[in-house]
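The values are calculated or read from the model by the stated rules, or taken from the named source; none is laboratory data. Note that the structure is predicted; figures quoted are calculated from it, not measured. A quick note on method: Cβ atoms are made from the backbone with ideal geometry, for glycine too, and the neighbour counts reach across all protein chains shown. Only protein heavy atoms, including side chains, enter the accessible area calculation; ligands, DNA and RNA are left aside. Shrake-Rupley method; radii C 1.70, N 1.55, O 1.52, S 1.80 Å.
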Amino acid sequence: MIGRLNHVAIAVPDLAKGIATYAGALGAEVSPPLAQPEHGVTVVFVMLPNTKIELLEPLGEGSPIAKFLERSPEGGIHHVCYEVDDILAARDKLKAEGARILGDGNPRIGAHGKPVLFLHPKDFLGTLVELEQA
Ligand code: CO
């Protein structure tokens, strides 16, 4: 059911430092920072030939990554995002398998303007999984 790896998201306490690490030491192409107040993050995209890495820095009150960074102050892998062709069909299949969908169970428009869902980490090997309708 899942298709391409769309991105791996890494939460960082300091975006400038994250950019310097990826653009400098790792020699990657990194997009300019993009504030996404509706998602509570500022994001940059690290463009790789086969996928993207997103560096997420908390933005504003109650950022969804604030608690994660309390537990992992150096930063860390926050979620992986897989593409699906039909997000409602994917959700219904996962529900039937007993997987828990976060939030109200309905897709919302994600950071890329496409419908996304998040799946409970306890059902997926301790990893927060995002599904995006490609
Ligand atoms: Co994501």
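Work from the charge dipole of the chain (Cβ charges, +1 for Lys and Arg, -1 for Asp and Glu, about the Cα centre) and give the residue of 1, 73, 44 farthest towards its positive end.
Final value for the positive-end residue is 1.
So, with +1 on the Cβ of K and R and -1 on the Cβ of D and E, and no other charges, what is the size of the charge dipole of segment 2-133 about its Cα centre, to the nearest 20 debye?
Values: 12 positive and 17 negative charges, 41 e Å.
The calculated dipole for segment 2-133 is roughly 200 debye.
For the Cα atoms of the chain, what angle does the longest principal axis make with the long axis of helix 87-96, in degrees from 0 to 90, nearest 10?
The helix 87-96 is inclined about 60 degrees to the chain.
Got a number for carbon plus sulfur as a percent of the chain's accessible area, 1.4 Å probe?
Details: 4230 of 7520 Å².
Carbon-and-sulfur percentage of accessible area, whole number: 56.
Any idea what % of Cα-Cα pairs in the chain are farther than 20 Å? Don't skip to the answer; put the middle values down first.
On the way: 4037 of 8911 pairs.
When every Cα pair of the chain is considered, 45 percent fall beyond 20 Å.
Please list, by residue number, every one of the GluC sites (Glu not before Pro) in segment 85-134 that is coil in DSSP and has at most 16 other beta-carbon atoms within 10 Å. Show your work: numbers first, answer last.
Working: sites: 97, 130, 132; in loops: 97.
Hits after loop and neighbour filter: 97.
Points 7 angstrom from Cα along the Cβ direction at residue 100 and residue 85: gap in nanometres?
3.1 nm
Using a 10 Å cut-off on Cβ atoms, rank the peptides 100-110, 16-26, 38-48, 82-92 from the highest mean neighbour count down.
Final packing ranking: 38-48, 82-92, 16-26, 100-110.
Give the accessible surface of the chain per residue, rounded to a whole number of Å², with probe radius 1.4 Å and ligands, DNA and RNA excluded.
That works out to 56 Å² for each residue.
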